[in-house]
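The values are calculated or read from the model by the stated rules, or taken from the named source; none is laboratory data. Predicted, not measured: the structure shown is a model, and the values here were computed from it. Glycine also receives a Cβ, built like all others from the backbone with ideal geometry; neighbour counts cover every protein chain displayed. Accessible surface is based on the protein model in full, side chains and every heavy atom, while ligands, DNA and RNA are left aside. Shrake-Rupley method; radii C 1.70, N 1.55, O 1.52, S 1.80 Å.
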Amino acid sequence: MKYYIIFGPPGAGKGTQASAISQKYNLKHISTGELLRKEMAEGTELGKKASELIDAGCLVPDEVVEGMIEAEFARNRDVDGFLLDGYPRTLAQAESLEQLLGKRQECVTAVVSLIIPDGTIYERIRHRAGIEGREDDCKDEVIANRIATYHKKTEPIISFYKAAGKYSEVDGLGTVEEVRERIFGVLG
Ligand code: B4P
């Protein structure tokens with residue numbers, strides 16, 4: 001099994017690029033953001049708790065997303081691997097993923113990180129707010145908190161995967177197609 005991670009700040013293009021990557025390599029795409037939005041749309045207890053945090057630009061607790069990932073691995077057996085999008089987002093999540101994969105005698109295959117400046121994050125998320133109306137995209141202070149949370153809690157993961165020799169960076173600026181070709185160039 002392959003376990004790829006598409007990594008980057010909010011608005012870097014992770015979700016945008018994920019479908020082409022998962023199609024090309026026959027991977028099951030797992031977006032923790034999408035799974036959480038589904039819970040919110042269905043009005044489940046988990047969704048109600050998550051929405052307060054997400055709408056404020058905060059991360060949901062590690063154990064919530066860890067449980068979701070474990071359930072998705074168990075549910076999807078007929079694939080060549082997984083593309084994790086938006087997970088892990090903290091060092092604790094990265095360590096938990098190591099343990100989970102270790103139990104299956106597996107490990108992370110590669111991490112592809114999309115690099116974009118903070119200013120572009122604002123532009124892209126403001127643009128998406130006009131199209132999708134996601135609550136967490138609509139206020140500048142919430143976007144600012146998501147960016148700050150990325151730098152504080154998510155960026156430290158980079159050294160974790162660099163040390164494991166699994167980390168590559170791709171320029172996230174340019175058209176969706178240009179970025180996609182760069183990702184394919186790294187994944188081979
Ligand atoms: P996500 O759903 O992961 O939201 P995101 O970071 O905004 O990324 P997304 O994949 O949607 O956007 P993309 O960059 O593709 O998470 C939402 C929230 O859920 C988090 O803030 C957090 O609260 C919670 N959460 C999720 N996972 C969690 C975890 N593991 N632990 C704890 N909490 C968690 O695209 C953004 C926009 O850019 C789009 O409009 C797109 O069209 C545009 N775009 C993309 N590529 C472009 C390009 N090349 N040029 C121009 N525009 C482009």
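Between Phe73, Phe82, which is touching a Lys or Arg at 6+ places or on another chain (Cβ under 6 Å) and within 22 Å of Lys166 (Cα to Cα)? Quick ask: steps written out before the conclusion?
Values: Phe73 fails: touching a Lys or Arg at 6+ places or on another chain (Cβ under 6 Å).
On inspection, the qualifying residue turns out to be Phe82.
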**Study point:** Subset of region 132-154 (residues that are within 14 Å of the ligand (Cβ to nearest atom), among the charged types (D, E, K, R) and loosely packed, with under 13 Cβ neighbours inside 10 Å)
**Key:** Glu132, Glu141, Lys152
Practice item. Identify, by number, the condition in (1) at pLDDT 95 or above; (2) of a type in the set (Asp, Glu); (3) touching a Leu at 6+ places or on another chain (Cβ under 9 Å) that Glu42 doesn't meet. Key: (3)
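Here is a yes/no grid of residues against (1) among the aliphatic types (A, V, I, L, M); (2) open to solvent by 10 Å² or more (accessible area, probe 1.4 Å); (3) under 26 Å from Ile183 (Cα atoms):
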site: Lys24; (1), (2), (3): no, yes, yes
site: Leu35; (1), (2), (3): yes, yes, yes
site: Lys49; (1), (2), (3): no, yes, no
site: Ile69; (1), (2), (3): yes, no, yes
site: Arg75; (1), (2), (3): no, yes, no
Revision key, fill the gap. In the set Ala12, Ala56, Ala18, the lone residue that is within 9 Å of the ligand (Cβ to nearest atom), open to solvent by less than 10 Å² (accessible area, probe 1.4 Å) and not in a helix (DSSP H, G or I) is Ala12
Exercise for review: Identify, from the list Asp62, Asp118, Asp80, the residue that is touching a residue at least 40 places away in the same chain (Cβ under 8 Å), farther than 18 Å from His29 by Cβ, surrounded by fewer than 20 Cβ atoms within 10 Å (Cβ to Cβ) and of a type outside the set (A, V, I, L, M, F, W, C).
Suggested key: Asp118
